[in-house]
Amino acid sequence: MEISKNFDFKAAENKWYTHWLDQKYFESTPDDREPYTVVIPPPNVTGILHMGHCLNNTIQDILVRRARMMGKNACWVPGTDHASIATEAKVVQMLRERGIQKASLSRNEFLGYAWEWKEKYGGIILQQLKKLGCSLDWNRTSFTMDPDYYNSVIHVFNDLYTKGYIYRGKRMINWDPRAKTALSDEEVIFKEVQGKLYFLKYQLVDADGNKLPLADAGITIATVRPETILGDAAIAVNPNDERFKHLIGSYAVVPLIDRKIPIIGDDYVATDFGSGALKITPAHDMNDNQIGIKHGLAVYDILNEDGTLSNEAQLLIGKDRFEARKEIVVLLEQAGHVVKIEDYVHQVGFSERTDVVVEPRLSLQWWVDMKKIAGPALSAVQDGEINFHPAKFKNLYRHWMENIKDWCISRQLWWGHQIPAWYDAEGRFVVAMNEKDAIEKFSKAYNIDNPQLKQDEDCLDTWFSSWLWPFEVFKGISNPGNKDVSYYYPTQSLVTAPEIIFFWVARMIMAGYEYMGKKPFSDVYFTGIVRDTQGRKMSKQLGNSPDLLEMIDEIGADAVRFGILIASPAGNDLLWDKASNEQGRNFINKLWNALKLIEIWKEKAKANLSAEEVSLASDWPHQWFDARLRASSAEIDQLMAQYKLSEALKTLYSLIWDDFCSWYLEWVKPGFEKPMDQAHLDKVINNFEMLLERLHPFMPFVTEEIYHLLREQQNVDLCVRQLDQTLQPTSSDAQTLKEGEVLKSAITAIRDARVKAQIKNKDAVEIYCTAQEQADWEIIRPLLSKQVNASSFSFTTDAIANSIQLVVGSAKLYIKSEQAIDTSAQRKTIEDEL
RNA sequence: GGAACAUUAGCUCAGUUGGUUUAGAGCAUUACUUUGACAGAGUAGGGGUCACUGGUUCGAGUCCAGUAUGUUCCACCA
């Protein structure tokens, strides 16, 4: 067979991926083998493949391919997440480009466009995963808004509501004024912002209700959001603060709008911050809200849902909050209320999805009482029922679970699972599976015939559907106890990013115990964050995120997989450099050249020579490589069991490059223009196959290609070939490996000597060594007589007594033991002679 | 403010319960080597006060305390 000079990765990637799909290798049905199940963390339906996905899915593919080759029933489920906020934002943007306002559409019209968008663009990322070589079972592709999945989400809502775990309540929530929706605490990202701290003086009111002149008296508060004074309901001071305690019980006046508000005492107020007096705005601050409830204060909601000022603000109505901030400062200055303005660096919450400043806002939302379902999920991780890799995330998880807060699950969006609650005009409601049931329930509950009901406009948080992912992809709720879910659930490994440990991982564990009565997975592998060489996160804004598909096109999926994995220490972020792709490419090239060498040997073996002419007489190199392979395999098994994939790959890399190519192939290499013995060649090919087996999960395309070129006809394809799992080190391996080490150093010494001898034109060199070294050399004496190597060097032992003579070309080298002398000094002398 | 984790060669990292004379690997770098699978290669070499300061010990990269720096998570004082 003609082997091309270089590996044609494009042809191989196309050829093998198509072939694997044709052979249905990745499809899975329950049988009597042990299952190995992985569910993909469903990427956003809007997503495109980036480095994080690349790392994450390469790792999953390695685990799954390896499991498949170890005889397990491997099942890797693909799918996408409807990603309510992200997708809705994309659709709104698309409509805007077409000149359509969302507000002008009905819910159904909007959803029509959204589905249209999803059918057209959604799931691009799944196609991209194919390019990476991911061995997913595409028949099982799921979407969190598939009809069955949708119903299951609704069912779970009903069930939790019935159990009393879900309630509706008016609470402070994080409001995203751009997406016009509530956010959970986890969706808020705090960033440090350079802002201003405004010190504002409020007029005091005397006992008779008269306002005292601002110049004489007043109370100064500090705020970073001066526009919110319009919603002030009180001023609070610390009851122990000597400066202000006499004012408690009196009143002040909100500047510009003349609202009379009480001055109250509360321990919450810090005496050493700002002015020591705190304005209380119950509608727009989490803590103020608590204080407001405690003191029974009025609530003035001065913001509209889009972040503009409401009628209740009385001033600057309709202005955006940031515009209003600027303007109100001018007004306050004119009225003499501004004492001073200081620069101030503080933390401000931003929406994870839209990156706008989040407003704390009081609103009526749906909540899950997390304390009621967190119990089993906490102990499962504590007791090692579920293992985290790396284990450090166990602490983090415990802390969060022990301090868990209720989960706000309603979102003011249309794209998603509509909350299954139906209301009448008076606001009375029932929770039901559908409208028909709702009417029935409502009639019963309130004793009304034919009630006119309207379904809740809001949607459920995306994570309220994805927490069912590990079992609902097998229809664990829509078709309970079916064959697939009983066989493939619980899954084995979950590979995900630590950022979503609370969003997703913790909640999946809770849902798993609640609905399946079993953990959703046994092991969670948290990957690091992919950063650039300067340690910055990959991001669109920085432009440091490479185009993955372009890279795959340039250098091949195998090289990219190698590149990202070799740079990925277990449990740490990885600083990714494009150069590591080149290391991957070089490695592929090395494999390819080994194939070319073997191809030459095949030709030589055809020469059909007599036994005498076949000079390679010793089996020792094979014995040595077998021992080496056994040792490395055991090591790789161990590393893989600990999810140290990067190290496993490094071990393989050095096994192939150093042991196989640099030593083993040299030792079995026939002399120049000498024939090749077929038995030896078969053994070499056999060993190469063993290496390809082990490398295949990491670099599937090049290994499959080489595997098929090695022999004319292969019985099975490499991707489903069964790994020889009996490969364990034997008792004699240690001795064999030791011999190998000594031989390596002997050969190295000879090379050195040869170089030196040639330089000095000497034809014989002596090296003196210690007794220990002499003993080491003795180990290989029997090997030397076997003429281990037929081409570069030859060895004889028939020389001077008590020494080993090495013949290197025309140069002879004697290794002698000289115990009495100082070896380093002696050596130096010899080197000088040379 | 609280916590977790980290700090070993230019870079990225190994270093098992403290014990092989001289602390490892890959990449990068330097010198040399090009008709025999492979210059996308080979060979050889350089490069480290194991963050710092103390302590425990016969012995510390490894254990303890403190300091510094960094990363991440949690909380958040207007």
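A few remarks follow.
- Per the conditions (1) open to solvent by 70 Å² or more (accessible area, probe 1.4 Å); (2) away from RNA strand B (no atom under 15 Å from the Cβ); (3) more than 17 Å from A:Val254 (Cα to Cα), the sole criterion not satisfied by A:Gln314 is (3).
- Among (1) modelled with pLDDT under 90; (2) away from RNA strand B (no atom under 12 Å from the Cβ); (3) loosely packed, with under 15 Cβ neighbours inside 10 Å, the one test that A:Gly740 misses: (3)
This table checks each residue for (1) open to solvent by 50 Å² or more (accessible area, probe 1.4 Å); (2) at pLDDT below 95; (3) farther than 22 Å from A:Tyr25 by Cα.
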{"site": "A:Met69", "(1), (2), (3)": "no, no, no"}
{"site": "A:Cys75", "(1), (2), (3)": "no, no, no"}
{"site": "A:Thr87", "(1), (2), (3)": "no, yes, yes"}
{"site": "A:Glu97", "(1), (2), (3)": "yes, yes, yes"}
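- Which numbered condition A:Leu709 fails, given (1) in contact (Cβ under 8 Å) with a residue 24 or more places away in the chain; (2) within 33 Å of the chain's Cα centre (by Cα); (3) open to solvent by 10 Å² or more (accessible area, probe 1.4 Å): (2)
- Test for A:Glu192: is it of a type in the set (Asp, Glu), within 30 Å of A:Leu332 (Cα to Cα) and within 16 Å of RNA strand B (Cβ to nearest atom): yes
- Boolean, A:Lys340 is within 20 Å of A:Ala222 (Cβ to Cβ) and either within 14 Å of RNA strand B (Cβ to nearest atom) or open to solvent by 10 Å² or more (accessible area, probe 1.4 Å) (or both): yes
- Here the condition is being farther than 29 Å from A:Tyr489 by Cβ and either in a strand (DSSP E or B) or among the hydroxyl-bearing types (Ser, Thr, Tyr) (or both); of A:Trp414, A:Trp422, it holds for A:Trp422 alone.
- Residue among A:Ala277, A:Ala298, A:Ala324 that is surrounded by 21 or more Cβ atoms within 10 Å (Cβ to Cβ) and more than 14 Å from RNA strand B (Cβ to nearest atom): A:Ala324
- Qualifying residues in region A:13-38 (those that are in contact with a Gly (Cβ under 8 Å, 6 or more places away or on another chain) and open to solvent by less than 80 Å² (accessible area, probe 1.4 Å)) - the one nearest to A:Cys719 (Cα to Cα): A:Tyr17
- Some residue of region A:346-367 being open to solvent by 20 Å² or more (accessible area, probe 1.4 Å), more than 14 Å from RNA strand B (Cβ to nearest atom) and among the hydroxyl-bearing types (Ser, Thr, Tyr): yes
- Scanning region A:311-331 for residues that are among the aliphatic types (A, V, I, L, M), part of a loop (DSSP other than H, G, I, E, B) and free of Cβ contacts under 8 Å to residues at least 40 places away in the same chain yields a single hit, A:Ile317.
- Those residues of region A:253-285 which are outside any loop (DSSP other than H, G, I, E, B) and farther than 24 Å from A:Gln314 by Cβ, in sequence order: A:Gly265
- Close contacts from region A:213-231, counting a first residue that is within 11 Å of RNA strand B (Cβ to nearest atom) and a second that is polar (S, T, N, Q) and open to solvent by 10 Å² or more (accessible area, probe 1.4 Å), with Cβ to Cβ under 9 Å and a gap of 6+ residues or different chains, come to A:Thr220/A:Ser275; A:Ile221/A:Ser275; A:Ala222/A:Ser275; A:Ile229/A:Thr223.
- Criterion applied to A:Gly133, A:Gly164, A:Gly122 was being away from RNA strand B (no atom under 16 Å from the Cβ), open to solvent by 10 Å² or more (accessible area, probe 1.4 Å) and within 34 Å of the chain's Cα centre (by Cα), and the one residue passing it is A:Gly122.
- Residues satisfying the stated conditions in region A:452-477, i.e. farther than 28 Å from A:Ala182 by Cα and surrounded by fewer than 20 Cβ atoms within 10 Å (Cβ to Cβ): A:Lys475
- In region A:280-295, the residues that are of a type in the set (Val, Ile, Thr) and surrounded by fewer than 19 Cβ atoms within 10 Å (Cβ to Cβ): A:Ile293
- In region A:232-246, the count of residues that are open to solvent by 10 Å² or more (accessible area, probe 1.4 Å) and not in a loop (DSSP other than H, G, I, E, B) is one or more.
- Residue in region A:332-371 that is nearest to A:Ile229 (Cα to Cα), counting only those that are out of contact with any helix residue (DSSP H, G or I) (no Cβ under 9 Å at 6 or more places or on another chain) and in a helix (DSSP H, G or I): A:Glu333
- Checking A:Ala511, A:Ala559 one by one, the residue that is under 25 Å from A:Phe698 (Cα atoms) and either away from RNA strand B (no atom under 16 Å from the Cβ) or part of a helix (DSSP H, G or I) (or both) is A:Ala559 and no other.
- Cβ pairs under 9 Å, 6+ apart, first in region A:390-408 and farther than 30 Å from A:Ser646 by Cα, second of a type in the set (Gly, Ala, Ser) and outside any helix (DSSP H, G or I): A:Met401/A:Ala374; A:Glu402/A:Ala374; A:Ile404/A:Ala374; A:Asp406/A:Gly169; A:Trp407/A:Ser184; A:Cys408/A:Ala182; A:Cys408/A:Ser184
- Subset of region A:383-401 that is away from RNA strand B (no atom under 15 Å from the Cβ) and on the phi < 0 side of the Ramachandran plot - its residue that is surrounded by the fewest Cβ atoms within 10 Å (Cβ to Cβ): A:Asp383
- Residues (open to solvent by 50 Å² or more (accessible area, probe 1.4 Å) and over 39 Å from the mean Cα position of the chain (by Cα)) located in region A:402-428: A:Ala425, A:Glu426, A:Arg428
- Among residues of region A:247-264, those that are more than 52 Å from the chain's Cα centre (by Cα), within 16 Å of RNA strand B (Cβ to nearest atom) and open to solvent by 10 Å² or more (accessible area, probe 1.4 Å), counted: 2
- Selection from region A:16-51 of residues that are within 19 Å of A:Tyr707 (Cβ to Cβ) and in contact (Cβ under 8 Å) with a residue 12 or more places away in the chain: A:Trp16, A:Tyr17, A:His19, A:Trp20, A:Leu21, A:Gln23, A:Tyr25, A:Phe26
- Subset of region A:628-685 (residues that are closer than 29 Å to A:Leu574 by Cα, among the acidic types (Asp, Glu) and more than 8 Å from RNA strand B (Cβ to nearest atom)): A:Glu635, A:Asp637, A:Asp659
The values are calculated or read from the model by the stated rules, or taken from the named source; none is laboratory data. Owing to the predicted nature of the structure, the values given are computational and were not obtained by experimental measurement. Cβ atoms come from the backbone with ideal geometry, glycine included; neighbour counts cover every protein chain shown. Please note that ligands, DNA and RNA were not included when accessible areas were found on the heavy atoms of the full protein model with its side chains. Shrake-Rupley method; radii C 1.70, N 1.55, O 1.52, S 1.80 Å.
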